[in-house]
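Beneath this line is the structure, given in structure tokens, with notes to follow.
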DNA sequence: TTATTATTGTCACAAATTGAGACAATAAAT
DNA sequence: ATTTATTGTCTCAATTTGTGACAATAATAA
């Protein structure tokens, strides 16, 4: 992690969405001995595409390749520049302030959101952090810098894109019921959806393939399973 | 324009849309003695918000404050890094390669689009360029770097946002006819719109204020003028 | 075996939105 | 007074969406 390997003044942050227990969650890192919470992020190598840098960072945090990923905004206000916070983080991990002085400079951050299947992930902390864990989107800890703004804008963008792109599928396992899918939509939108209208709309898109029924031993009709990829 | 005044490795580019003669146009710069064409852009001062930097750049090119402006994507592929082009531009304007060596570094560019009233603008070249002129969106010269991609994505984003935000109004004078507005929509979408449906939809939004009729001496019924702001 | 229960898939009809054209009302020219 | 081109509005059809009804299950309880 040497300064000359990386572009200066530019960083990225990722809002990694997962779905579990009926609610939407994101990954949050906690730095050693500081009580500071932040989005997972990183820096761009000099010979690396920006998008590839973000995928590299996500691979380190989640172990996953081929993640659904979307860039949504670049945050560049001077108000987000708070070197004293980064200094505390470095000092708390006994990092040399001389060697890592470049981290105390101002950064403009390109923000992405990712959608992943919660069950496939075992979140991994990095060298500076104690933990990388799922937090319910409605119960986040206080975040450093402007990361709360980044999360809010990620969620807003996800909502705006929900109809246009059928992105909700990326939060589910390969096979899911119509009710599973509806729960994802409700968690993202933060409101209840009418069952019959939702089912009709999803089926009319003609991109869901219907498979065998899912028998769960419940005292009622068993639902079909669906998948996205043919 | 000293390196230490600016953030390194980060730039911005602006796609400035105007509407004239029934078609959509954007501002393009041509660099001295090179035959190179590019989008207007610039760099971010160390103590300046990113968005403010873009507005500062637009003010220099157009003379306008309070421009409708939207960030839409950040371009960070390594393939866009072509120092030989920038070197040619600097040499052709007799700039010292030593002093401006930082301009030969790799830049990640945050792209914005702006919508302005064509008639209010007298485009201004900068120190490196011969001209800053309007080009029809369908007849652009070949652009350097990935600027053609940036234009394409700007237009796509503008189209996607057209219904959600009634942005077309920013391309027109303060008072306009329904037909003027329809022509703007048609130029952006690249297709004809049904007159009665369009009129009904615009009026149903209830954000247009109707004013006196516009008598142009034509042998038919005169249209009403409308404005956006109260 | 036969109800009972909860949920699913689909249909039917109403309500709302959009598509498409008809038509009267102009301003100015003939 | 008639003609011409365009505008504002209306009507009806077509499509989409909202809302509830209802039969078809799987398992449970009787």
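For the condition at pLDDT below 95 and not in a helix (DSSP H, G or I), residue A:163 does not qualify.
One residue is enough: does the stretch B:66-86 have a residue meeting the conditions assigned to a loop (DSSP other than H, G, I, E, B), more than 19 Å from residue B:143 (Cβ to Cβ) and away from chain A (no Cβ under 13 Å)? Among the residues of the stretch B:66-86, at least one is assigned to a loop (DSSP other than H, G, I, E, B), more than 19 Å from residue B:143 (Cβ to Cβ) and away from chain A (no Cβ under 13 Å), which makes the answer yes.
Contact map, the stretch B:176-190: first residue on the phi > 0 side of the Ramachandran plot, second residue within 11 Å of DNA strand D (Cβ to nearest atom), Cβ cut-off under 7 Å, separation 6 or more or different chains; the map is empty. Can you tell me how many residues in the stretch B:202-230 are in contact (Cβ under 8 Å) with a residue 24 or more places away in the chain and either surrounded by 10 or more Cβ atoms within 10 Å (Cβ to Cβ) or within 8 Å of DNA strand D (Cβ to nearest atom) (or both)? Final tally of qualifying residues: 10.
Being assigned by TED's automatic domain parsing to the domain that holds residue B:107 and either in contact with a helix residue (DSSP H, G or I) (Cβ under 8 Å, 6 or more places away or on another chain) or surrounded by fewer than 17 Cβ atoms within 10 Å (Cβ to Cβ) (or both) is a description that applies to residue B:137. Among B:213, B:209, which is the only one that is over 21 Å from the mean Cα position of the chain (by Cα) and within 12 Å of DNA strand C (Cβ to nearest atom)? Going through B:213, B:209 in turn, just one is over 21 Å from the mean Cα position of the chain (by Cα) and within 12 Å of DNA strand C (Cβ to nearest atom): B:213. Against the definition (in the same structural domain as residue A:65 (by TED's automatic domain parsing) and either away from DNA strand C (no atom under 12 Å from the Cβ) or touching a helix residue (DSSP H, G or I) at 6+ places or on another chain (Cβ under 7 Å) (or both)), how does residue A:118 come out, yes or no? Taking the combined requirement at face value, the residue satisfies it. Within the stretch A:87-106, restricting attention to residues that are assigned to a helix (DSSP H, G or I) and within 24 Å of residue B:109 (Cβ to Cβ), the residue that is nearest to the other protein chains (Cβ to nearest Cβ) is A:102.
Screening the candidates B:156, B:124 for the property of being assigned to a helix (DSSP H, G or I) and under 14 Å from the mean Cα position of the chain (by Cα) yields one hit, B:156. Could you tell me whether the stretch B:29-38 includes any residue that is at pLDDT 95 or above, within 21 Å of residue A:10 (Cα to Cα), in contact with a strand residue (DSSP E or B) (Cβ under 8 Å, 6 or more places away or on another chain) and outside the structural domain of residue B:182 (by TED's automatic domain parsing)? Scanning the stretch B:29-38 turns up no residue that is at pLDDT 95 or above, within 21 Å of residue A:10 (Cα to Cα), in contact with a strand residue (DSSP E or B) (Cβ under 8 Å, 6 or more places away or on another chain) and outside the structural domain of residue B:182 (by TED's automatic domain parsing). Residues considered: B:69, B:97, B:103. Of these, the only one that is farther than 18 Å from residue B:8 by Cα and in contact with a helix residue (DSSP H, G or I) (Cβ under 8 Å, 6 or more places away or on another chain) is B:69. Annotation: of all residues in the stretch A:41-53 being in contact with a strand residue (DSSP E or B) (Cβ under 7 Å, 6 or more places away or on another chain) and facing another protein chain (nearest Cβ under 9 Å), the one that is surrounded by the fewest Cβ atoms within 10 Å (Cβ to Cβ) is A:46.
The values are calculated or read from the model by the stated rules, or taken from the named source; none is laboratory data. From a predicted model like this one, the values you see are computed outputs, not experimental measurements. Glycine gets a Cβ as well: all are built from the backbone with ideal geometry, and neighbour counts include every protein chain shown.
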